[in-house]
Amino acid sequence: MQLPPALHARLAGAPGAAAPLPVQRDSLAGNAPFRFAARQVRFPREHEFFEDGDVQRHLYLQDVITQVAAEPERPRVPEFTCQVAGCCQAFDTLEDYEHHYHTLHGNVCSSCKRAFPSGHLLDTHIQEWHDSLFQILAERQDMYQCLVEGCTEKFRTSRDRKEHLVTHHLYPADFRFDKPRKGRRPASQVSTEAIGEDRAPSEGDAMEVCSEQAEAHSEPPRERRVYSHRIPSTVCFGQGASRGFKSTKKRSKRQ
Amino acid sequence: MWSGRRGLLRSSGCGVEELRCRRREREAALRKARREQQLVSKRLLRDEATEEAEGGCVVVILGEAEIQEFLRLAQRGTEEKERERALVSLRRGLQHPETQQTFIRLEGSIRTLVGLLTSNQALLQLEAARCLHELSHSEQSAVAEACLPATSYLLTYLSGHSSDFIELCLYTLGNLIVESEAVRRQLLPQGIVPALAACIQSPHLTVLEALGYALSQLLQAKEAPGKIIPLVLGSTLPQHILQLLQPGPKLNLGVAVEFAWCLHYIICSQVNNALLITQGALTTLGLLLLDLAAAVQRTEDAGLELLVCPVVRCLSNLLTEAAAETVGGPMQLRDERVLAALFILLQFFLHKQPSLLPEGLWLLNNLTANSPSFCTSLISLDLIEPLLHLLSVSNVVSVLVLTVLCNVAEKGPAYCQHLWPGLLLPTLLDTLALSDTEVVGQSLELLQLLFLYQPGAAQAFLQQSGLQALQRHEEVAQLQDRVHALQQTALHG
């Protein structure tokens, strides 16, 4: 299939449409027994017309295992340790360090040192744990925000929120990032939390978000709740470690 | 300038013939699956470099006791390295289907794995995620579905910052998505669409490619047109996808391939293509087509057809939308460079992937059917002869070529004048010698138009023994009426 040499030049040239030649149809065109009519065609997803292309696509997907091998090898560097105060993890690849940093030092609450998997959860935690204004407002309006990104529902209590997470979003009832504060959970929850939580490294435990006591059946007295927020349950060295790579989301004014 | 991409093939110790044979088998299996509407493929992300460093990839089948021991060490080992090593051993064992089966039947195994996944030990987290990934890749539904308890966490981690980890989570999710409708019925309320919409803003190419893969799996689902595509169209995903398909130095082939296929699944489901057009889809895809034609001339890159195919499909289907016809709109596709690009790509298909020629010609049909301007361009850019050269490829291709020629001819004498004489007559006589009814039928249609609009065409036809060529088909049911009509016209004018 020989293409005219000027074609490549045209491709590289300026945009433009040809001035159309005059159209002049005869009414006999396409008349029976003939049937041609110029028309655009559309094909739906399962049409057999797409079979060849679809098969090629899937061969490509299945081939990926051979692709990964062609990727450049991760360079190993001389072992180094994490520079964050109090952390002495060692690494020999930058990727491992990146993951460590983001997991443990990335979204860290400067009040209680807890680490969170995302800025969204960190923000929610700060608001619900360290903001007394939040507690005051929560008495009068729905303040507990749904944890699922994109869902704008708010709830009166964290228990209601959990209910919503489970029934509406099909989250597990023991979702790790929606646990009541340590020390106040009922005995029945202990077993589920034992897994993965039996060590308490210096960075503080897990990633609890919700602050409400799980055993609360009615609203706890106002003073008690405010009081418990003023004294964090883990010691804060007060260095005010920065939150690392944090987004520009709005912060609550108080620590 | 296309950024580098991973090579498609790698020698794995198998002979070339064996590779070809395996590929043919896989292709046959995929065709069968597609006909049964069961086309499902999973991606496996395995870091071969690390595996080789770990001492070869001999996959060991682990028994119950060994699995339990590894889990115990991972969970309660005293030393960091010891815990990691245990998980690595488990992960390698999980590459084998038997280990996978044993694992999922062990009580509490998934629970422990999910606990490790959500622990704050970064490297354990990564290894646990790799274990889940191996499970997600299984062809056994029971194994893949065993990963369900982890999905809410996988989604939560998508809004984190560690690109390797996010990539792994995305490929795992993509594998799970394709597993069954039950899985998707869980993932949708868990917020997978908003999670992906947030994650698509990542600057990391590896993350984007993984996201495109996961999204393409979601959009390919049977229930997608009704349940998933409306959600996707209502999010910010389409705008981001179109942005990622903008041609230019930042375009990455691997990423573009995934999102082009996403766009194809959305468009061919015909849910709300008008919305995509208002977001500039036609313009973006048109420019991308130009870019692809230029790239195809520059590099020998095997793999460009993986992107050309979905782009062609998207354009072709979008052109049929009413919104595409709005006269004078900036969103309309009118640039004749698109035609130039398409022919360069048709030539490329001819050499690299002839099975894609029909799709390219389908786009050509949709461009020319209602457009005097594009038909004129076909003539002024000297593309009629190259088109005729495609007539010998296959019956399907021939029918499409003849259809495009009819698109030009039906616009009247000014157009037929330029189709004549050239190669058209001898070529038509050749096609009349064929036996495929559809090819011959389309040739007859073209002849009628030529007889009607081009003075002297019938005469020339007679002189070249056209009547004899027609006689062959006098008894064929679908053709006889038209054959007789043409014979009459040729003889009596």
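Here are a few things to note about the model shown:
- Cα Rg, Dmax, chain B, angstrom units: 28.1, 100
- Violating pairs (Cα-Cα greater than 31 angstrom) within the set A:K113/A:K154; B:K32/B:K411; A:K154/B:K250: B:K32/B:K411; A:K154/B:K250
- Report summary: the helix-based calculation at 222 nm, which adds -39500 (n - 2.57) for every DSSP H run with n ≥ 4 and divides by the residues of chain B, gives -20000 deg cm²/dmol.
- Environment charge of A:V23, counting only residues whose C-beta is closer than 11 Å and scoring Lys/Arg +1, Asp/Glu -1: +1
- By other beta-carbon atoms within 10 Å, ranking B:K42, B:K411 with the fewest at the front produces B:K42, B:K411.
- Under the simplified labelling scheme, the B:E223-B:A65 pair shows an inter-label distance of 4.5 nm, with each label point 7 Å from Cα along Cα→Cβ.
- Once the Cα-Cα distance is subtracted from the 0.36 nm per residue extended length, the B:A29 to B:E139 segment shows a gain of 38.2 nm.
- In order along region B:446-451, the phi-based Karplus estimate (6.51 cos²θ - 1.76 cosθ + 1.60, θ = phi - 60°) of 3J(HN,Hα) comes to 5, 4, 4, 5, 5, 4 Hz; Gly and Pro are listed as x.
- Taking amide H as placed 1.01 Å from N in the peptide plane, A:V84 has no amide H partner under 5 Å among residues 5 or more places away or on another chain.
- Remark: region B:268-280, residue by residue, has Karplus-estimated 3J(HN,Hα) of 6, 7, 6, 8, 7, 6, 4, 4, 5, 5, 5, 7, x Hz, where x stands for each Gly or Pro and the curve is 6.51 cos²θ - 1.76 cosθ + 1.60 at θ = phi - 60°.
- The phi torsions of region B:33-42, fed into the Karplus equation with coefficients 6.51, -1.76 and 1.60 and a -60° offset, translate into couplings of 4, 5, 5, 8, 6, 10, 6, 9, 9, 10 Hz, rounded to whole numbers, with Gly and Pro shown as x.
- For A:Q40, residues with placed amide H under 5 Å, excluding near neighbours: none
- Using a simple spin-label model with pseudo-atoms 7 Å out from Cα toward Cβ, B:Q468 and A:A12 lie 4.9 nm apart.
- Here the peptides B:208-215, B:458-465 are ranked by packing, the mean other Cβ count within 10 Å, and the order with the highest first is B:208-215, B:458-465.
- C-alpha long axis of helix B:395-409 to longest principal axis of chain B, angle in °: 50
- Between B:Q488 and A:N31, the modelled label-to-label distance comes to 1.0 nm, taking each label 7 Å out from Cα in the direction of the beta carbon.
- Acute angle (nearest 10 degrees) that the helix B:205-220 long axis makes with the longest principal axis of chain B, alpha-carbon atoms: 70
No value in this document is a laboratory result; all are computed from the given coordinates. For clarity, every value in this text was computed on a predicted model and none was experimentally measured. Counting neighbours? That spans all protein chains shown, and the Cβs are built from the backbone with ideal geometry, glycine included.
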